Amino acid sequence: MSDPVRVLVADIGSVLFAFDPDRRLELLSARTGLPGRELHARLFASGFETRCEAGEFTADQIRDEVAALTGFDGSTQELSGLWTSAFTLDEAVLDCFTEAGAVLAVFSNNGPLFAEFFGERFPEAAQWFRYRYFACRLKARKPEDEAYEQVEQGLEAAFGAAREDLLLVDDNVQNTARAAARGWRSHTFTDADSLRAVLRAR
């Protein structure tokens with residue numbers, strides 16, 4: 001058995017939350033009157049979402065940009081609800097994290113429409129994750145080294161955690177490989193059962 005992990009660092013989409021982008025497009029389509037394929041082209045395939053994740057816009061500025069791109073006429077709060085409708089909490093995965101007895105952090109490429117409304121939209125998950133690292137606040141996205149470096153600095157400042165104390169759980173092998181290259185422990189997520197086995201072994 002290896003040394004215990006001090007900090008579990010969780011990805012959001014397709015790890016802590018099931019991710020269904022088609023549901024988001026359906027709701028945005030119903031709200032704006034634009035077909036899903038057109039919304040996908042304007043908001044996602046265009047690179048706009050990536051720019052949001054990278055921190056180029058505040059939540060209110062995203063609302064204004066989406067209004068200009070799609071005709072959306074609702075509030076930032078409403079848009080956050082539509083945007084985050086793609087995410088459904090995986091209770092089994094949350095249980096894996098909360099039962100592990102480690103400090104919990106999230107490290108996500110999500111933008112302000114998720115980051116600023118995490119506690120409001122998903123209180124049952126947010127209450128467990130005291131440390132939150134979102135790309136839009138870091139101004140860097142996984143797997144960029146700058147993003148990992150800021151997480152390392154934040155957790156070291158908070159309670160002296162070293163790189164080897166951290167275990168990243170992410171579904172993207174590029175992200176887990178980058179963590180491992182920096183001296184973190186890492187697990188490429190597939191399902192709750194495999195995650196539970198890994199955490200018990202730690």
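We did not get these values from a lab; they are worked out from the coordinates using the rules stated. The structure presented is a predicted model; accordingly, all values stated were derived computationally and were not measured. Quick reminder, even Gly has a Cβ in these numbers, built from the backbone with ideal geometry, and neighbours come from all protein chains shown.
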Q: In whole angstrom, note down how far apart the Cα centers of region 139-159 and region 168-202 are.
A: 17
**Q.** Simple label model, 7 Å out from Cα along Cβ direction - V173 to F44, nm
**A.** 2.3
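Within the P(r) computed for region 1-116, what percentage of the Cα pairs occupies the region above 18 Å?
On the way: 3668 of 6670 pairs.
Value for region 1-116: 55 percent of Cα pairs lie more than 18 Å apart.
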Q.
Compute the angle between helix 21-32 and the longest alpha-carbon principal axis of the chain, please, reported from 0 to 90 degrees and rounded to the nearest 10.
A. 30
(Q) So if each residue of separation counts as 0.36 nm, and I subtract the Cα-Cα distance between L89 and E124, what length gain in nm does that give? (A) 11.7 nm
**Q.** Placed amide H near F107: partners under 5 Å, 5+ positions off or other chain
**A.** A10, D11, I12, Y133
Q: Could I have the simple spin-label model distance between D22 and R202, label points 7 Å from Cα toward Cβ, reported in nm to one decimal?
A: 3.3
Q | Rg over Rh [alpha-carbon atoms, Kirkwood Rh] for region 50-202 | A | 0.99
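Quick one: V198, V169, V5, fewest Cβ neighbours within 10 Å first, how do they rank?
Listing V198, V169, V5 from fewest to most nearby Cβ atoms yields V198, V5, V169.
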Q: Quote to one decimal, in nm, the extra length available between A30 and Q153 on full extension: 0.36 nm per residue of separation minus the C-alpha distance between them.
A: 40.0 nm
Q. For G74, what is the net charge nearby, where nearby means another residue's Cβ is under 15 Å from its Cβ and Lys, Arg count +1, Asp, Glu -1?
A. -2
Q.
Output needed: percent of Cα pairs per 5 Å distance bin for region 19-85, bins running from 0 to the one holding the longest distance.
A. 3, 19, 30, 33, 14, 1
Q | Amide H partners (placed H, <5 Å) of S186, local residues excluded | A | L168
(Q) Just want the ordering: D90, D22, D165, D171, from fewest to most Cβ atoms lying within 10 Å of their own Cβ. (A) D22, D171, D90, D165
Q. Residue by residue through region 156-162, which ³J(HN,Hα) values in whole Hz follow from phi under the Karplus form 6.51 cos²θ - 1.76 cosθ + 1.60 (θ = phi - 60°), with glycine and proline marked x?
A. 5, 5, 5, 7, x, 6, 9
